[in-house]
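Report on one structure; see the data block that follows.
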């Protein structure tokens with residue numbers, strides 16, 4: 001009787017669908033977010049297409065404010081073919097994350113991860129994602145950030161392993177450009 005030898009590396013490659021690749025490191029939030037500087041109005045510059053934003057055609061914004069109970073109020077707004085659509089939610093900071101990781105709730109009992117994964121020193125742009133890389137938003141204080149700011153935000157997302165080919169850029173009507 002002849003023994004059969006299995007060539008394990010070939011079997012492993014076949015099961016994995018090709019050569020083994022280095023695992024993408026986990027998503028990391030920034031070290032700290034000063035909520036006093038973060039609150040206010042943000043313009044969505046680009047985002048991964050989201051089911052709940054399917055009717056949005058442009059002018060998408062998010063506005064954050066500190067609530068009396070210490071949580072944040074969240075108001076997301078966008079232009080649709082029929083006018084404007086708005087969703088109001090609440091966000092809580094995750095302990096031990098320097099306010100850089102939050103849980104956001106728009107519909108009880110569901111909560112989602114909201115991690116600030118990139119942030120300009122002057123808080124003029126932010127990149128928000130989640131640990132499984134399914135969600136990504138590039139936000140700015142202006143509806144038309146300068147090229148340098150946008151490039152820095154995109155580099156922050158790319159450095160976290162997000163596939164930027166999925167980004168859809170958001171139209172903002174009659175918005176002035178910023179330097």
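The values are calculated or read from the model by the stated rules, or taken from the named source; none is laboratory data. All values derive from a computational prediction rather than experimental measurement. Glycine gets a Cβ as well: all are built from the backbone with ideal geometry, and neighbour counts include every protein chain shown.
What tally of residues in region 124-140 results from selecting those that are part of a loop (DSSP other than H, G, I, E, B) and at negative phi? Give the derivation first.
Going through region 124-140, the residues part of a loop (DSSP other than H, G, I, E, B) turn out to be 124, 130-135.
When the remaining residues are screened for being at negative phi, the result is 124, 130-132, 134-135.
Here the count works out to 6.
Take residue 121 and tell me if it is closer than 19 Å to residue 33 by Cα and assigned to a loop (DSSP other than H, G, I, E, B). Break it down stepwise before answering.
Numbers: closer than 19 Å to residue 33 by Cα: yes; assigned to a loop (DSSP other than H, G, I, E, B): yes.
Considered against the rule, which asks whether it is closer than 19 Å to residue 33 by Cα and assigned to a loop (DSSP other than H, G, I, E, B), residue 121 comes out as yes.
Can you name the residue in region 120-130 that is farther than 11 Å from residue 42 by Cβ and over 15 Å from the mean Cα position of the chain (by Cα) and, of all such residues, is surrounded by the fewest Cβ atoms within 10 Å (Cβ to Cβ)?
121
Out of all the residues in region 29-64, which are surrounded by 16 or more Cβ atoms within 10 Å (Cβ to Cβ) and on the phi > 0 side of the Ramachandran plot?
59
What tally of residues in region 75-116 results from selecting those that are over 25 Å from residue 171 (Cβ atoms), exposed (fewer than 14 other Cβ atoms within 10 Å of the Cβ), under 19 Å from the mean Cα position of the chain (by Cα) and at pLDDT 90 or above?
0
Just for region 131-151: of the residues that are touching a strand residue (DSSP E or B) at 6+ places or on another chain (Cβ under 7 Å) and surrounded by fewer than 18 Cβ atoms within 10 Å (Cβ to Cβ), which one is nearest to residue 99 (Cα to Cα)? Walk me through how you get there before you give the answer.
Initial filter on region 131-151 (touching a strand residue (DSSP E or B) at 6+ places or on another chain (Cβ under 7 Å)): 131, 135-143, 145, 149-150.
Checking which are surrounded by fewer than 18 Cβ atoms within 10 Å (Cβ to Cβ) leaves us with 131, 135, 141, 150.
Values: 131: 16, 135: 19, 141: 19, 150: 23 Å.
Ranking the qualifying residues of region 131-151, first place goes to 131.
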